[in-house]
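K.L.:
Mind having a look at this structure? Questions to follow.
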Amino acid sequence: MASILSRPRPEPDWDLVEKRNSIERLKREKFPLDIRDELPELIARGYEAVSEEDIVRLNWWGLTHDKPKVGTFMVRIKVPGGLITPERLRAVGRIARTWGRDEIELTTRQGVQLHWVRLEELPTVLAEIEAAGLTTVGGEGDTVRNITGCPVAGIDPAEVFDVRPVIEQAARFFYGNREYSNLPRKHKYTISACPAQCNAPEIHDVALIAVLKDGRPGFAVRVGGGLSATPRLARDLGVFVPVEEAIEVLRAITDVWQHNRRYRLSRAKARIKFMVDDYGPEGMRALVEERLGRRLEDGQAPAPVGPADHLGRHPQKQPGYVYMGFPVPMGWMTGRQMQQVADLVEAVGGDIRLTREQNFLVGFVPEDRADWLAAEMAKIGFPLDRHKLYGTSTACTSHQFCNYSVAETKEKLKEIIERLEARFGRAVEGLTIYMDGCPHACAHHWVGDIGLQGTTTHGPDGGKIEAYDVVL
Ligand code: HEM
Ligand code: SF4
């Protein structure tokens, strides 16, 4: 096999990397995951005395300022595949009520975010999250982020096969793994078998898409997707990976990127999408094969088929059960609501699945309990038949907590949906409106039917006003 690795490409040495990139420097000076052990010391010194570098290192535990210097933190909890038990959901609700002012956001990567947690409360809050069997490790920072998937994994009658064991295995291997916690930049995997591809493999760094080859279960692979200010759609690597080789191939793809120092010089050019730009999918495949020491089988990523919102009531592949998708406006829940949802789901013996569009689904609802569950959910603020736009639209965190925000999103989205509902009624159901407060695209505005990106412009009196760029 011709070696692409040996192509003469200038690779900078570590000195140059650290000179150019302050984040690489701070990672070298102190491994960011180790900051957890220093929390007692940081607390003793007080919030104001925590260095900017240590604030960045705290990202590796899923912790970010609720806007700089307000003294409280956002806590991002990872939920692999968005799959969570009622017990765990109840625990998150309790934690939010106790330490997070009863406010919760469901995220566009199937996780959960709390806010308002004070520095001195972090050790307890992290311990409580872990006691519930969840983790924040690698929720932010240059790590393998929450591994997403299709929320109806294991219950969708149309799925290729059940990928839940692969998601679990990948999460066990990559979350908190030091070998994968000093990547050039954040790294997002998604693994699914949903023909509708509701998990948006095209915008992930690495996507495993379930396929069958000669009756064997495995994955097609797409690499190099990502949004932010330079959006890219993931490219088809042209391979078939048998299911038992999934973790090995994820490692190999991530390794060829993380061990190339070229992608550490500039944070803005560090994501794997830039490497895919440089090498193309064929070049990436050759590098991965070289790393693995063998050729991969040929394959092709399938195109998405069918509707992707999973809202409302649907039969499961298990006879006698249905799953139900409840819209959560703007992804907002209270801790109390989360506890109530957990109680209701437990009462019917079901499970919970968080979605990319900031909603939740309940799986394994016995058919004869579905009406009861719908009625009870409506009582706590989650009617099943709420206008679908509330479920198919997303908004990023924006003004309240995020320092990058230049235009309001969640409140504004609510206003937009109310107007559309009043004017067009059910005719606009199915539309997706994704709204971001800045180009980072946390709510994926690039890929909505209507995408709104916050910006500013001059108002009639010449003053600065909030505005939106529209992407169709
Ligand atoms: C404190 C508030 C936040 C800050 C400071 C922040 C920061 C950023 C930055 C800098 C990027 C662009 C990085 C890049 O792709 O190169 C980004 C992208 C992203 N963030 Fe956030 N974020 C915040 C909140 C959120 C929230 C609430 C969510 C989930 C609801 C989220 C999920 C994402 C996602 C999905 C992307 C998309 C990028 C991709 O897939 O390529 N972030 N964020
Ligand atoms: S899109 Fe921008 S404004 Fe919105 S949460 Fe992300 S970084 Fe903040």
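K.L.:
Restricting the search to segment 379-400, which residues are more than 7 Å from ligand 2 (Cβ to nearest atom), part of a helix (DSSP H, G or I) and of a type in the set (S, T, N, Q)? Walk me through it before giving the result.
P.N.:
Of all residues in segment 379-400, those more than 7 Å from ligand 2 (Cβ to nearest atom) come to 379-395, 399-400.
Still in the running and part of a helix (DSSP H, G or I): 379, 389-392, 399-400.
The answer is Thr392, Gln400.
K.L.:
Still on this structure, I have one more. In this structure, does Ala132 turn out to be surrounded by fewer than 24 Cβ atoms within 10 Å (Cβ to Cβ), among the small types (Gly, Ala, Ser), touching a Lys or Arg at 6+ places or on another chain (Cβ under 6 Å) and within 27 Å of Val365 (Cβ to Cβ)?
P.N.:
For Ala132, the condition - surrounded by fewer than 24 Cβ atoms within 10 Å (Cβ to Cβ), among the small types (Gly, Ala, Ser), touching a Lys or Arg at 6+ places or on another chain (Cβ under 6 Å) and within 27 Å of Val365 (Cβ to Cβ) - is met.
K.L.:
For Glu466, are the conditions met, namely being over 22 Å from the mean Cα position of the chain (by Cα), more than 8 Å from ligand 2 (Cβ to nearest atom) and surrounded by fewer than 17 Cβ atoms within 10 Å (Cβ to Cβ)?
P.N.:
Answer is yes for this residue.
K.L.:
Another question, if that's okay. Here is a list: Arg118, Arg97, Arg36, Arg90. Which entry is basic (Lys, Arg) and touching a Leu at 6+ places or on another chain (Cβ under 9 Å)?
P.N.:
Values: Arg118 fails: touching a Leu at 6+ places or on another chain (Cβ under 9 Å); Arg97 fails: touching a Leu at 6+ places or on another chain (Cβ under 9 Å); Arg90 fails: touching a Leu at 6+ places or on another chain (Cβ under 9 Å).
The match here is Arg36.
K.L.:
Might you check whether a residue that is near ligand 2 (Cβ under 9 Å from one of its atoms), in contact with a helix residue (DSSP H, G or I) (Cβ under 7 Å, 6 or more places away or on another chain) and of a type in the set (Val, Ile, Thr) occurs anywhere in segment 401-411?
P.N.:
So far as segment 401-411 goes, yes, one or more of its residues are near ligand 2 (Cβ under 9 Å from one of its atoms), in contact with a helix residue (DSSP H, G or I) (Cβ under 7 Å, 6 or more places away or on another chain) and of a type in the set (Val, Ile, Thr).
K.L.:
Taking segment 262-298 only, how many residues are within 16 Å of ligand 2 (Cβ to nearest atom) and of a type outside the set (A, V, I, L, M)?
P.N.:
Here the count works out to 2.
This table checks each residue for (1) more than 16 Å from ligand 1 (Cβ to nearest atom); (2) free of Cβ contacts under 8 Å to residues at least 60 places away in the same chain; (3) among the basic types (Lys, Arg).
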| position | (1), (2), (3) |
| --- | --- |
| Val17 | yes, no, no |
| Asn21 | no, no, no |
| Leu39 | yes, no, no |
| Gly62 | no, no, no |
| Lys67 | no, no, yes |
| Pro86 | yes, no, no |
| Ala91 | yes, yes, no |
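K.L.:
Let me ask you something else. May I ask you to list the residues in segment 411-442 that are crowded, with 22+ Cβ neighbours inside 10 Å and in contact with a strand residue (DSSP E or B) (Cβ under 7 Å, 6 or more places away or on another chain)?
P.N.:
Of everything in segment 411-442, those that are crowded, with 22+ Cβ neighbours inside 10 Å and in contact with a strand residue (DSSP E or B) (Cβ under 7 Å, 6 or more places away or on another chain) turn out to be Leu413, Tyr434, Met435, Asp436, Gly437, Cys442.
K.L.:
Could you tell me whether any residue of segment 107-118 is touching a residue at least 24 places away in the same chain (Cβ under 8 Å), closer than 30 Å to His445 by Cα and part of a helix (DSSP H, G or I)?
P.N.:
No - not one qualifying residue is present in segment 107-118.
FYI, it's all coordinate maths here, none of it is from the lab. Computed from a predicted model, the values in this text were never measured in an experiment. All Cβ positions, even for glycine, are placed from backbone atoms using ideal geometry, and neighbour counts span all protein chains on display.
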